[in-house]
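Below: the structure, in C-alpha cells.
Read-outs throughout are calculated quantities, based only on the coordinates presented, and are distinct from any laboratory measurement. Bear in mind the structure is a predicted one, so any value in this text is a computation, not a measurement. Cβ placement follows ideal geometry from the backbone for every residue including glycine, while neighbour counts extend to all protein chains displayed.
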Amino acid sequence: MENGSVWEGARPALPELEGDMTADAVVVGGGLAGIMTAYELSSRGAKVVLADASDLLAGTTPKATAKVTAAQGTIYADLRERYGPDVPAAYYAAQRRGMEECVRLAERYSIDCDLTEADGYVFTRGGGSELDATERVLRDVGAEVERTRLPGAQSAPEALRLPGQYAIDPLKFALGLPRDYAAYSRSPALSLDFKARKVRFRHGSVTADVVVSATRYPFSDEKGGYAMKLRPSMAFSMAVSERLTDGLVLEDREDGLSLRPYSGGTIICGADCRTGRATKPDRYERIEREVRGLYGGITPTHRWCAEDCMTFDGMPMVGKYAEDTDNVFVATGFNKWGMANSVAAAGAIADMAEGKPSPLPVFDPARHIRGALGATIVNALNNMLGLIHGLMPVLRGTESIARGEARVARSRKGVCGVYRDLDGRLHYAPARCPHMGCRLSWDPSAMTWDCPCHGSRFDVDGNPV
C-alpha cells in the first residue's frame, strides 16, 4: 500500500521569493483557494504575487476527496435551525455558484481534470427520519432532491439523491488554470503589517494594495481572533481498487464515511477528529471495517490524511481579515468542502478588492455565530490545555520507547518528540509547536506530531507537513 494521496503529482518548480517587491495584490497560500484568488485578481488586470511556505499545491488540496458538490449532509438543516431560512438558501446558492464556475473554467481552458458529473447521495444508518429535516430544507432552497436507497450498498440504507454534482482531479484543475501572476514556493510569510499592507517573507517582502490570506489557518494572529473562531480537524482517507459507487456518497454524521469514484477505483474518507487527538492507531482499520460492512470486500491501495479548519456554524470565513483591515482579506474555514467554496470565495474576494460589496455576506468572518457558545468554550479550553501542557516538565527519557512508538521525552537533544523507528533509530521533533508553544501529540495513524491548538503538523524529523 502506498502512503500518499492518489492526486500527488508533479508540480511546477518555483523560485523562493527574494527581495522587496510591490504589487497590486499579494496572495499568501498556494492551495486551490490561493490559486483561484490569484487567477481571479490577475484576470481582472491586477499585478499579483502568490507565495506559499511549501511547494505549490502541497497542502490540503492534493489530499481532498475533490467533490465539487452541494450535497454536504446536514449543513442546511443546521443553518436553518441557527439562522432561519435565508442563510441556508444563501449557502446553497454559493455552492451552486462555485460548482458552475468550476465547470465553466474547466471547459473554457480545456483542462483535462477528469471532470465527472455524478449524483450526490447523503445517507443515514439510522431511521429515515434523520434525513427529514435536511430534505425539507434542500427543497426549500430550490435543490432537486429525491428520497431513495443508497445504490450498491448491501443494507441499502435510506438516502437523499441530488443529481448534477461533480468530481475532479484537484491538481490537474488548479494547474490547468492560466498563471498570469508571479508565483513563489518555499517562502513562508513571517508577518503582516496591516496598515502598510506589507507581508514580510524569509528573504523578502511584498507591499501591495490588496493582501489575501488563503492559507489553511490564517498566517497572522494579530487581528481577527481566529484562534477562537476555528478548530483544526483531521480526516483519514484511503483509495481502494474496487469501484464501489458511481455517486458522491456522504454519511450524515460528522465522523461518517465519504466516498467517490476515481479512475483507479474509489476514494474513501472518514474517522474525523480534532487534530492532535488521534492518539489511537485504529483510524484506517475503523474505515475499512465500516466500508466492508456497507459494501463488502475491498483492496486498499493508498492511504493518507488531510487537515482543514472548521468553523462553528459550518460556513467558511471569507471577507475582511478584521473589521478595521481595509483591503486585507481572508479565506479560511472551509469545513472540508473546499472545492466549490474555494472557487466561490475567490470571486467574492476579487469583487471586494474592486470595492464592490461581497456576494457572500453570510461568509463574513466577523459574523455572530449563533448557538456557538459551548463549542467556543470547548475550543478555548483545548487551546489553554495545550499551552499549559506545553509548559509542564518532562522527566521520562527515551530508553523505554519501543520500536514503532513515540512520545515526548527528555533526550540528549533536550525535551523532544521522539520516535523510534522499526530499525531502532531515534528521530527527534519539537515537543512544542513553534506557533504558540502548545504541546504536540503523536498521531500513530498518520505518524506525525500534531498541534491540538491550531493544527500545525510535523513529521518524525520535525519537518512541517
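For the reader, a short list of remarks on this structure follows.
- Under the span-like rule (Cα at least 15 Å along the axis, Kyte-Doolittle mean at least 1.0), DSSP H helices of the chain: 338-353, 373-391
- Applying a 4.7 Å cutoff between beta carbons, the unpaired cysteines of the chain are 102, 113, 269, 273, 305, 309, 416.
- Backbone N under 19 Å from the residue 86 label point (7 Å along Cα→Cβ), restricted to segment 346-371: 357-371
- Straight-line cross-link reach from residue 356 at under 24 Å between alpha-carbon atoms covers these lysines, not counting any fewer than eight positions away in the same chain: 47, 195, 198, 223, 320.
- Segment 147-165-segment 328-356 distance, computed between alpha-carbon centres (Å): 31 Å
- Loop-located GluC sites (Glu not before Pro) in segment 83-152 (DSSP state other than H, G, I, E, B) with a sparse environment of at most 11 neighbouring Cβ atoms within 10 Å: 144.
- Across segment 316-327, rounded Karplus estimates of 3J(HN,Hα) from the backbone phi angles (6.51 cos²θ - 1.76 cosθ + 1.60, θ = phi - 60°) give x, 10, 9, x, 5, 4, 8, 4, 9, 10, 5, 6 Hz, Gly and Pro being marked x.
- Ratio of Rg to Rh for segment 87-196: 1.13 [Cα atoms; Kirkwood radius as inverse mean 1/r over pairs].
- Length, then width, then depth: along the principal axes, the Cα atoms of segment 199-260 run 50, 27, 20 Å.
- If R0 equals 30 Å, the separation of the Cβ atoms of residue 461 and residue 372 corresponds to a calculated FRET efficiency of about 0.20.
- Near residue 319, once Lys and Arg are set to +1 and Asp and Glu to -1 for all other residues with Cβ below 11 Å from its Cβ, the sum equals -1.
- Projecting the Cα atoms of 227, 205, 247 onto the charge dipole of segment 174-311, computed from C-beta unit charges around the Cα centre, puts 205 farthest toward the positive end.
- About its Cα centre, the chain has a charge dipole of approximately 1240 debye under the convention of +1 per Lys or Arg Cβ and -1 per Asp or Glu Cβ, with nothing else charged.
- Local electrostatic count at residue 130 - Lys and Arg +1, Asp and Glu -1, tallied over other residues with Cβ under 11 Å: -3
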